[in-house]
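Asks: What follows is a structure written as structure tokens; I'll ask about it next.
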Amino acid sequence: LFQGPRFRHTYVGIGDDNNDLNTNNTDVSLVFALPNFFYTNQPLYIVPSFSLHLWDGPDGSDGSTGADLPGSAYSGFIDLGWNSDPNQMFSTELGVRVGAFTDFDTFNNESVRVLGKALANFRVAPTSTLKGGVYYLDRNKIKLVPAGGLLYQPNPYTRMDIFFPQPKFSRYWRTLGTHDVWWYIAGDYGGGSWTVKRAGGAEDSVDVNEIQAVVGAEWGYSDMIR
């Protein structure tokens, strides 16, 4: 039932100008799995999570951008995810996220958001799978984005997600005990939406939209991360 905790920290930096935004995001999750969900032989994943977002900039005090942000915001949410058997020719990936996204100085109906994804997969070869569907982001201006691409795994040690909006190249490095360590290069349409209190005291809902280029490392149980 309990799959273990997950921890992730991401730094996204641009520069030191007053109009630049630098962020430190820390995410902590607990992963649970209900096996054989509705007799499908596949688990339903339930993942309660909490994230701390530390923002440095933009200043906005001179009124040039109107984008003043508080020093921090929070995301508390629960993920539900289910995939059909990935070894079949046709499979699906479904996910829903429900949570509160706020700086905790303000809370209203815009603080609660529902996100989701729905993907259909078609295995065209033992090493290649076509994927297509939609991501529902529930941001202030952008609600729905198309998703699609190709997953290519030429061997158990290499994974290429040629996929919009989250392309990723992963490569196995080494095994430490029961854990595999992989390095990766990835892209992402990052950010999110939060309700915040502006410097002048007014409540507002803000979007942070990021086009990310990411270099990182990840590790986990060998039979799961592969």
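The values are calculated or read from the model by the stated rules, or taken from the named source; none is laboratory data. Not measured: the values here are computed from a predicted model. In this analysis, Cβ positions are derived from the backbone assuming ideal geometry, glycine residues included, and neighbour counts consider all displayed protein chains. For accessibility, only protein heavy atoms count, side chains too; no ligands or nucleic acids. Shrake-Rupley method; radii C 1.70, N 1.55, O 1.52, S 1.80 Å.
Asks: Conditions: (1) hydrophobic (A, V, I, L, M, F, W, C); (2) in contact with a Gly (Cβ under 7 Å, 6 or more places away or on another chain); (3) on the phi > 0 side of the Ramachandran plot. Phe38 meets all but one. Number of the miss?
Replies: (2)
Asks: In addition: Consider the range 206-226. How many of its residues are open to solvent by less than 60 Å² (accessible area, probe 1.4 Å) and either free of Cβ contacts under 8 Å to residues at least 24 places away in the same chain or closer than 17 Å to Leu21 by Cα (or both)?
Replies: 6
Asks: Of the conditions (1) aliphatic (A, V, I, L, M); (2) outside any loop (DSSP other than H, G, I, E, B); (3) touching a residue at least 40 places away in the same chain (Cβ under 8 Å), Ala199 satisfies every one except a single condition; which number is it?
Replies: Unmet condition: (2).
Asks: Sticking with this one: Report, by residue number, each residue of the range 84-93 that is farther than 16 Å from Gly116 by Cβ and either assigned to a loop (DSSP other than H, G, I, E, B) or open to solvent by less than 70 Å² (accessible area, probe 1.4 Å) (or both). Give the steps one after another, and end with the answer.
Replies: Taking the range 84-93 first, the residues farther than 16 Å from Gly116 by Cβ are 84-91.
Result: Ser84, Asp85, Pro86, Asn87, Gln88, Met89, Ser91.
Asks: Any residue at all in the range 94-115 that's loosely packed, with under 13 Cβ neighbours inside 10 Å and modelled with pLDDT of 95 or more?
Replies: yes
Asks: Of (1) touching a residue at least 24 places away in the same chain (Cβ under 8 Å); (2) open to solvent by 30 Å² or more (accessible area, probe 1.4 Å), Ser128 satisfies all except one. Which?
Replies: Single failed check for Ser128: (2).
Asks: Now, a different point. What is the number of the single condition among (1) over 23 Å from Trp194 (Cβ atoms); (2) open to solvent by less than 60 Å² (accessible area, probe 1.4 Å); (3) in a loop (DSSP other than H, G, I, E, B) that Pro70 does not meet?
Replies: It fails just one condition, (1).
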